[in-house]
Every structure is written in C-alpha cells, then in structure tokens.
Amino acid sequence: MAVSSNLSSSAGVNHIPPQFGQADASMPRSVLFCRSTLQCGHFILAGIPRGICHCNPRPAPMQAGTGTAVAHSCKAACMIAGMTNRLIRPRRLRRNSILRDLLADHSLGTCDFVLPVFVRAGEGIRHPILSMPGQYQYSPDVLLEELSEWASMGLRSVLLFGVVDPGEKDEEGSHAHDPDNAVCSTLRMVKRAGLELLLMTDLCYCEYTSHGHCGPLAGAEKAGRRRARGGKSADAANPPTVDNDATIHRLAQQAVIHSQAGADVVAPSGMMDHAVGTIREALDEANFTDRAIMSYSVKYASSYYGPFREAAESPPQFGDRKSYQMDFRRTAAEAVREANIDVAEGADIVMVKPGMPYLDVLSRVSASVPVPTAVYQVSGEYAMLKSAAAAGWIEEKPCVLEAMHAFKRAGASFIISYYTMEMIEWLNA
Ligand code: PBG
Ligand code: ZN
C-alpha cells in the first residue's frame, strides 16, 4: 500500500478527525468503505454522518458496504475500528512457549483416548496383525493381563472387537449371541478382576457371518426360491444386501447380551437404519437404562478399513458395504442428518469415521448435535502413520500429535485410536 504511506502521517495516531466521530458500543455494526479511486479500503463505523476518507487527495465519500478492512495507515479511521496494519502483528502471540501454551485452545489428556482391541477365543494367543504393527489379536486370558497392565499405565477405555474362527461363522452370525464368546468372556473377566476400565463393545455381525456382511442378507430365501424356479437371484437394480430390520432386532439382542456380560457402552457399527432406537428400547426393557449407546452414526464406505478387516478377519466375501455405509462423494449435510436421526433415537454419543480424511464432516457434525461426538482414527490411518514412520519418512510422535489435535480442533470429544497406548506414554512422559 505504498500509495497511502505519504498520506498517513497527516492523521496522527491519537487524533481522530471529527468527521469520523468516536467509536462507541451503541453504533451500528455495519461499516462504511472508502470507494475512492485509491481503493484504500479504509472503513469507519456507520452511523457517522458523511464519513470522509482523507487518504484521497480529494476527500471521497464513504459508502455502506461489506468486506474486510484493508488495514494501512489511515490512523484516524483505523483506530476507530481498532486496527491498522502496523499494529496488527499475529506473531507477537507466538513469541515464546509460555504465550503459546497460554493460548492453546485445546489440549490432549490420557482420558481422551479409547483403545480398540481384538479378542478371539482360545488361550495364550498373542497374534500380531501384520498391517497394524504393534496391534495383536489376543485370547481373553492374555488380554486380561495386558489390560490390567495398560490400566495401571493410564488406559481408561477400550472398544472390544470379536474375531471369530471360520468354523463358528454362519449366515446370521449366531456366534455373536453366544454369551460365552470371546467378547462376553473378556467383559466378565475384566469386571470380575475389578479393573477400572470403561468397556465399550462393537455391535455388528461382519466378524460373525460367513459372508462377511454386517447382518443377515435380505431376501436370501426368496432369492433361493427364485433361483430354483430358474429366475434371477439378483439384478443390477437389486444387488444382495443386508436385511435392515432383521439386523436391528438382532443388534438389540446383542446389546443386551453384551450388557449382561458387563459392557458399559455399546457401539452399533453397521449403519443400519433405526438400530439406535431399537437397541435403546431393548436395553431399557432389560433394565439396562444406565448403559450408553455410542452410535457409529457417520461411517463412510472407506478403503481405510483395509487393515482392520485383516485384523478382524471380516472382509465381505462378495460385493462391498456401499449399500449401507455412506458415500463419501456426498456433502456433510448427509452426515449431519444421520447424526441427528441417531440423537433423536437416543444415541448418547455419535461418532464420525474415518478420522483424518473426514475432518470437515467431523466439524460439521460436532457443531450440529447436542451430544458428544467421537472420532475413530481407523486402521488405515494408523497403518499409514506407522509405515511412513518405520521408513523414516515422517517423525512419528509429532505427526500423531498433530493428527490428534486436528481431531480436537474439529470438535471431537474423544478419539478412538490404535495409538492410544503410545499417546498415553507420550502424554505421561
Ligand atoms: C465393523 C467395523 C469396521 C471397522 C469398525 N467396525 C470395518 C468395516 O466396516 O468394514 C473399521 C475400523 C478400522 O478400520 O479401524 N462394522
Ligand atoms: Zn460390520
């Protein structure tokens, strides 16, 4: 703004020409902009009659307008609004670490993290998951030992996933309802051991069904009969999919079974319509009015779940999950709608998943719902960070911390992450 530099000195810092008046709280918030040929961008508060910009050799009238003040050194006008370019120096607040810490708008604590864990039936199992370095499938006995150690290190919450031997899988995923399955056994063992841990469980069927979808398939019987008559079992407009209403009633049973075994929070992850309301009703009827529902309200059909499907041995055997999980090509409005539906049905916590590629969605959802919003930093995000760090391409700890702060900044109340134990270590260091 060289054009104004020789003009600025005429209006002293402390001198406000009378035509600019004094700023006062009762003045309207709208502003007047200088429309002179100099385009100086000066503004004064409206409500001052006949504002004149003195930057122009021939004083130019100010007009109502909108926009951001371009700050330079017309001190009289700018002082009214409290701004000049020379006074504005954002770096002042970054000068030292005390100032930066003082002004940090969010922070991370060990209580902000939930660790997802994979449990499978058996004894003495500690089976590494290759695409998720540092993560394992555990049998309940080994997991109990680990959990008690992790709890002593500061772990507060876990999210349990069951891994099921192929022989236990069927079309309906019946093993999910076995009160002696690995998830239920672990819940009972942790409660019996008196560990001070919040126990969350994933409610779904993909780990339990032979076809790997998140519930029993719709029209399986009808399609079979049609096939027997020589008809087509499925066509392009009606691809096979999960039977929504059969699944939600089963999810409600699964929620009750998990609650009986000791789950504090149940987390339906199948993106079935009306799952939350159906589960809430069943829990209340079974007198589990105190158990919370964390809904995977906003779950995209994402390729970032790849490593998880190896970990949980749960990939769909045909097709994909696009007829129930969300399409990432749509706007965040759909996410807001999904979350609001779940809140209306009684969700205590909503969740957005995956995390980092969906920060815009997290931000919109957390600002739109009156309940806490969780975020799930999924297996693919973990695998990317781990592999880049192992290759020496990124520095692991600062990159992970940066991602975690991004979640907080976008409005996450807490973070479900495979990095939970590392975060606890780093935060306690
Ligand atoms: C199961 C489920 C999945 C994840 C959480 N619950 C996988 C999927 O939907 O295929 C993904 C978690 C991760 O990638 O870490 N419904
Ligand atoms: Zn599933």
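Peptides 299-307, 186-194 ranked from most to least packed give 299-307, 186-194, packing being the mean of other C-beta atoms within 10 angstrom over each peptide's residues. Note on segment 245-398: Rg/Rh from C-alpha atoms, Kirkwood Rh, equals 1.00. In this model, which of K322/K397; K191/K299; K169/K386; K299/K408; K169/K322 are farther than 27 Å apart at the alpha-carbon? Violating the 27 Å Cα-Cα cut-off are K322/K397; K191/K299; K169/K386. Each residue, R330 and S152, gets one label point 7 Å from its Cα in the Cβ direction; the gap between the two is 4.9 nm.
The orientation-averaged shadow of the Cα convex hull for segment 349-404, equal to a quarter of the hull surface, comes to 3.9 nm².
Fraction of C-alpha pairs exceeding 19 angstrom in segment 106-194: 43 percent, rounded to a whole number. Packing around the peptides 140-147, 210-217, taken as the average count of other Cβ atoms within 10 Å per residue, puts them in this order, highest first: 210-217, 140-147.
Under a 5 Å amide H cut-off, with hydrogens placed 1.01 Å from N, S297 pairs with M351 among residues at least 5 apart or on other chains.
Overall, segment 328-429 carries a charge dipole of about 260 debye about its Cα centre when +1 sits on the Cβ of Lys and Arg and -1 on the Cβ of Asp and Glu, all other atoms neutral. Scanning residues 5 or more positions from L203 or on other chains, those with amide H under 5 Å from its amide H are A267, S269, with H placed 1.01 Å from N in the peptide plane. For segment 321-331, putting each phi into the Karplus relation 6.51 cos²θ - 1.76 cosθ + 1.60 with θ = phi - 60° gives couplings of 9, 6, 8, 10, 7, 7, 8, 6, 7, 8, 7 Hz, in residue order, rounded to whole numbers and with x for Gly and Pro.
For the peptides 319-332, 89-102, 263-276, 240-253, the ranking by packing is 263-276, 240-253, 319-332, 89-102, with the highest mean count of neighbouring Cβ atoms within 10 Å listed first.
FYI, it's all coordinate maths here, none of it is from the lab. What you see is a predicted model, and the numbers here were worked out from it, not measured in a lab. Ideal geometry is used to build each Cβ from the backbone, glycine not excepted, and the neighbour counts take in all protein chains shown.
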